[in-house]
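Participant: Handing you this structure, nothing more for now.
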Amino acid sequence: MPAFVYDHIHLRSPDPEATGKWYENMFGATIIRTPRDGGPDRVDLNLDGLMVFIAGPPDEGTVPDGIQEPHYGLDHFGLRVEDLEQTVATMKSKGAKFYVEPVQFRPGVKLAFVWAPDDVRIELLERTMP
């Protein structure tokens with residue numbers, strides 16, 4: 001069985017700055033700004049070691065096929081795996097349905113999205129150093 005390791009929670013907000021400040025004020029989260037190619041920095045949070053990404057509305061043409069956007073609130077949570085393709089194959093053999101097949105998202109990051117019960121979206125990602 002593949003090993004699944006917690007990686008992050010991803011929120012989507014129409015106002016990431018205000019959302020980040022709320023988490024900072026309420027929980028003492030540290031705001032981290034993560035640069036994005038061709039767009040504003042993403043507002044990320046370190047909540048005592050728990051990584052929370054807060055993205056704004058998606059830019060046109062940047063959303064993988066199969067993802068319905070915008071989806072505000074809890075967008076998805078991410079689990080890291082060592083071998084994405086093998087993990088996806090194993091999960092499919094157990095009946096899992098994927099709405100984003102494995103894709104190289106950016107250098108060092110491959111991802112896929114699977115549907116879970118109750119319309120929950122889970123990102124599986126393989127992180128490697130280029």
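Every number here is computed from the coordinates shown, using simple stated rules; none is lab data. Since this is a predicted model, take the numbers as computed values, not measurements. All Cβ positions, glycine included, derive from the backbone under ideal geometry; neighbour counts span all protein chains shown.
Participant: For the chain, find the longest principal axis of its Cα atoms and tell me its angle to the long axis of helix 16-27, 0 to 90°, nearest 10.
Facilitator: The angle comes out at about 80 degrees.
Participant: Where the eigenvalues come from the Cα gyration tensor of the range 5-127, what are the semi-axes √(5λ) of the equivalent ellipsoid, largest first, in whole Å?
Facilitator: Three semi-axes, in Å: 26, 16, 14.
Participant: How far is helix 84-93 tilted off the main Cα axis of the chain, in degrees rounded to 10, range 0 to 90?
Facilitator: That works out to roughly 60 degrees.
Participant: Rank the residues Thr90, Thr128 as a footprinting-exposure proxy: fewest other Cβ atoms within 10 Å of their Cβ go first.
Facilitator: Final ranking by Cβ density, sparse to dense: Thr128, Thr90.
Participant: Hey, another quick one. In nm, to one decimal, how far is the modelled label at Asp83 from the one at Met1, with both set 7 Å along Cα→Cβ?
Facilitator: Placing both labels 7 Å along Cα→Cβ, they lie 1.7 nm apart.
Participant: Sticking with this structure for a sec: Under 19 Å between alpha carbons, and skipping anything fewer than 8 positions from Lys110 in its own chain: which lysines qualify?
Facilitator: Lys92, Lys97
Participant: Which is the longest run of the chain containing none of the trypsin sites (Lys or Arg not before Pro) found in DSSP loop states (not H, G, I, E, B) with at most 11 other C-beta atoms within 10 Å?
Facilitator: By the stated rule (loop sites, at most 11 other Cβ atoms within 10 Å), 1-93.
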